[in-house]
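The values are calculated or read from the model by the stated rules, or taken from the named source; none is laboratory data. The structure displayed is predicted, hence computed values, not measured ones. Please note: Cβ atoms are built from the backbone with ideal geometry, for glycine as well, and neighbour counts cover all protein chains shown. When the accessible area is computed, the model is the full protein with side chains, heavy atoms only, and any ligands, DNA or RNA have been set aside. Shrake-Rupley method; radii C 1.70, N 1.55, O 1.52, S 1.80 Å.
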Amino acid sequence: MKKKLTGAAVFGQSGGPTSVINSSAYGVIRTALDAEEITAVYGAAHGVVGILNDELFDMSKEDAGELKLLMNTPSSELGSCRYKIKEESELERIREIFEKYNIRYFFYNGGNDSMDTCSKVNDYLERVGYECRVIGVPKTIDNDLVGTDHCPGFGSAAKYIATTVAEVYKDAHVYDTGTITIIEIMGRHAGWLTGASALAGLQGLGPDYIYLPEIPFEMDEFLENVKKTYKEKKNCLVCVSEGIHHHDGTFVAKAKISETDGFGHAQLGGLAAKLAHAAQTKTGAKVRGIELSLLQRCAAHLASQTDIDEAFLAGKSAVEHAISGGSGEMVCFTRDMEGGKYKCGIKFEPLSICANMEKKVPREWITQDGTGVTKEFIDYVLPLIQGENSGKKEDGIPRFAKLKKIKAEI
């Protein structure tokens, strides 16, 4: 164990929200507030942007009961950003703010690009000799972070997708005339979320075809498959990743180059409508295109309790590891199957292997014809969606955290 380090801590959230990212926030904040080594706990408004702008919240001024409600509150309660650090001057500014508040612990909650930010801050502070322990706290519904068995946020999104697909299946099979339904699911380069739609098949309510971005998409084959199934069953349900692409790598959705986020990633959308139009032209059938969009990442009412608990564990473990001397690492999950029963463990991996890399669905977990997933995929996801969100309700509506967000003062 390294020497005791006394000072303040700052926590920030970055990238797209999830329905459990605030559970990780609570894990960090509560554990930090209770730690004798940590003299103050700050929340950064809109992630690293809040640090650059000296906009920090004093988390000790929050009501303990409201903080606890973060466990079941969706979105990023402190505010998020998609900001990529480009200049040395920005890192110098971060050090200035850290010195001003005597920040010696930095916890950053996000995905691939957020871990890159975390890594840059850690490397810079080490280089200039400013002692600060930096830990990345993972989150992403995309489940594509390298180094961890799975990511907080994925299990809840998978549960929402599987449930919604089953419900859509029931609705789509109401009429005697039949219909073709195409559901567009998030996933630019990794198909974990779209693959989760197969879980609806455990109740006999799954899609006929699942298309992931790991496999190049063939429009003619897609249309022939849909036409054949519709002819045989008078119904056809398809789930497709927003990021499916042609053999040359271009997105089927044909995103405009100018439509990118702060990290330069293409903003996708409209794929379901495009495929629905093509299927209607090919078959003459009634076709619906459904884009799940933001619902996949904010549907806290269908959050997995397993996911909620693990997200909290990630935040708590980050603080405990930093206090014991850890730095320059990301919290990672391990999977133990003792006697066939799932158990989540914790390990830590260097930020350098977690940043700017993507973990994709293994080819052997995708069916030979590329239109579905295997039992191994189902077995991987199923433990992660277990348990029901038991969050507080008022007037029949979920009661989310209402933080005061009092600006920190020195």
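Would you please give the FRET efficiency between Glu92 and Ser293, computed as 1/(1 + (r/R0)^6) with r the Cβ-Cβ distance and R0 = 45 Å, to the nearest 0.05? Walk me through the numbers on the way to the answer.
Values: r = 39 Å, r/R0 = 0.86.
The formula returns an efficiency of 0.70 here.
Using a simple spin-label model with pseudo-atoms 7 Å out from Cα toward Cβ, Leu382 and Ile406 lie 5.0 nm apart.
For the range 59-174, the residue among Cys81, Leu70, Cys118 whose Cα projects farthest onto the positive side of the dipole built from Cβ charges is Leu70. For the residues Arg335, Arg82, a 1.4 Å probe over the protein chains yields an accessible-area ranking, largest first, of Arg82, Arg335.
So in the range 19-139, what percent of DSSP beta bridges are antiparallel if you round to the nearest 5?
Details: 3 of 9 bridges.
Rounded to the nearest five, the antiparallel share is 35 percent.
Label sites at His247 and Asp54, each approximated as a point 7 angstrom past Cα along Cα to Cβ, lie 5.9 nm apart. This model, with +1 at the C-beta of Lys and Arg and -1 at the C-beta of Asp and Glu, gives the chain a dipole about its Cα centre of some 540 debye.
Charge dipole (Cα centre; +1 on Lys/Arg Cβ, -1 on Asp/Glu Cβ; no other charges) of the range 265-398 amounts to roughly 600 debye. Taking a point 7 Å from the Cα of Lys234 along the Cα-to-Cβ direction, the residues of the range 150-175 with backbone N closer than 12 Å to it are 173-175.
Rounded to the nearest 10 degrees, the inclination of helix 305-323 to the longest alpha-carbon principal axis of the chain is 30 degrees. For the range 34-51, 3J(HN,Hα) computed residue by residue from phi via the Karplus equation (6.51, -1.76, 1.60; θ = phi - 60°) reads 8, 8, 5, 6, 9, 7, 7, 10, 10, x, 8, 6, 6, x, 5, 4, x, 5 Hz, glycine and proline entered as x.
For the chain, the per residue solvent-accessible surface stands at 42 Å², with DNA, RNA and ligands left out and a 1.4 Å probe. Think of the chain as having a plus end and a minus end, set by charges on the Cβ of Lys, Arg, Asp and Glu; of Phe106, Phe312, Tyr169, Tyr169 sits farthest toward the positive end of this dipole.
Of Val174, Val128, Val287, Val20, the order by accessible heavy-atom surface (1.4 Å probe, DNA, RNA and ligands excluded), from most exposed downward, is Val174, Val128, Val287, Val20.
Counting only alpha carbon atoms, the long axis of helix 271-283 and the longest principal axis of the chain meet at about 0°. Based on DSSP H segments of at least four residues, each scored -39500 (n - 2.57), the chain has a per-residue ellipticity at 222 nm of -10000 deg cm²/dmol. Here the contact order of the chain, divided by its residue count and restricted to Cα pairs under 8 Å and six or more residues apart, works out to 24 percent.
Counting DSSP beta bridges in the chain, what percent are antiparallel, to the nearest 5? Walk me through the numbers before you get to the answer.
Working: 20 of 53 bridges.
Percentage antiparallel, nearest 5: 40.
In this label model, Leu202 and Glu364 are separated by 2.3 nm, measuring between points 7 Å along each Cα→Cβ vector. On a 0 to 90 degree scale, rounded to 10, what angle separates helix 219-233 from the longest Cα axis of the chain? The angle comes out near 60 degrees. The range 26-61 and the range 185-212 have Cα centres lying 38 Å from one another. In the chain, the portion of solvent-accessible area held by carbon and sulfur atoms comes to 50 percent [1.4 Å probe, whole percent, DNA, RNA and ligands not counted].
When the C-alpha to C-alpha distance is required to be over 26 Å, the pairs from Lys3/Lys100; Lys68/Lys405; Lys254/Lys282; Lys86/Lys316; Lys3/Lys120 that qualify are Lys86/Lys316.
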